[in-house]
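Chemist: Quick one: the structure is below, and I'll ask about it shortly.
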Amino acid sequence: DLHTVTAMNVLTNIIPNPASMQAIVYSSFEISRISAFDANGRMVLDSPMSGHTATLNLKDWTPGLYIVIVHTPTGKVAKKLIVK
């Protein structure tokens, strides 16, 4: 429902952003999987996770804008990440 999606969006964050070597995804919700797509829609990451934080290793990512999808048992939320 909309309330859950809004809460997930507010309670999920990627720090630092912009990032270069790594970024950490924080969520108040349990993270079950993280997917990431580049600006051309190509999937660059699709990995099962567990816990409330996940570290993204960005050293092989091309600089640019990415959409990171954080999957939780409650639903999923999309966050923008800039890799520099």
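Chemist: For the structure I just gave you, tell me whether residue 47 is assigned to a strand (DSSP E or B), within 15 Å of residue 80 (Cβ to Cβ) and polar (S, T, N, Q). Full working, then the answer.
Modeler: Numbers: assigned to a strand (DSSP E or B): yes; within 15 Å of residue 80 (Cβ to Cβ): no; polar (S, T, N, Q): yes.
So residue 47 fails the test.
Chemist: Still on this structure, I have one more. Give the residues of region 46-70 that are closer than 26 Å to residue 6 by Cβ and open to solvent by less than 40 Å² (accessible area, probe 1.4 Å), sorted by residue number.
Modeler: 47, 51, 54, 56, 66, 68, 69, 70
Chemist: Restricting the first residue to region 73-84 and requiring it to be open to solvent by 40 Å² or more (accessible area, probe 1.4 Å), which pairs with a second residue that is assigned to a strand (DSSP E or B) meet a Cβ separation below 6 Å and a spacing of at least six or different chains?
Modeler: Every condition considered, the pairs that remain are 76/69; 78/67; 78/69; 82/65.
Chemist: Of the residues 7, 23, only one is free of Cβ contacts under 8 Å to residues at least 40 places away in the same chain and of a type in the set (Gly, Ala, Ser); which? Can you show your working first?
Modeler: On the way: 23 fails: free of Cβ contacts under 8 Å to residues at least 40 places away in the same chain.
When all the criteria are applied, what remains is 7.
Chemist: Any idea which of 23, 7 is within 13 Å of the chain's Cα centre (by Cα) and surrounded by 12 or more Cβ atoms within 10 Å (Cβ to Cβ)?
Modeler: On the way: 7 fails: within 13 Å of the chain's Cα centre (by Cα).
Selected residue: 23, the only one of 23, 7 that is within 13 Å of the chain's Cα centre (by Cα) and surrounded by 12 or more Cβ atoms within 10 Å (Cβ to Cβ).
The values are calculated or read from the model by the stated rules, or taken from the named source; none is laboratory data. Keep in mind that this is a model prediction, so the values were computed, not measured. Cβ: placed from backbone, ideal geometry, glycine included. Neighbour counts: every protein chain shown. Heavy atoms of the whole protein, side chains included, go into the accessibility calculation; ligands, DNA and RNA do not. Shrake-Rupley method; radii C 1.70, N 1.55, O 1.52, S 1.80 Å.
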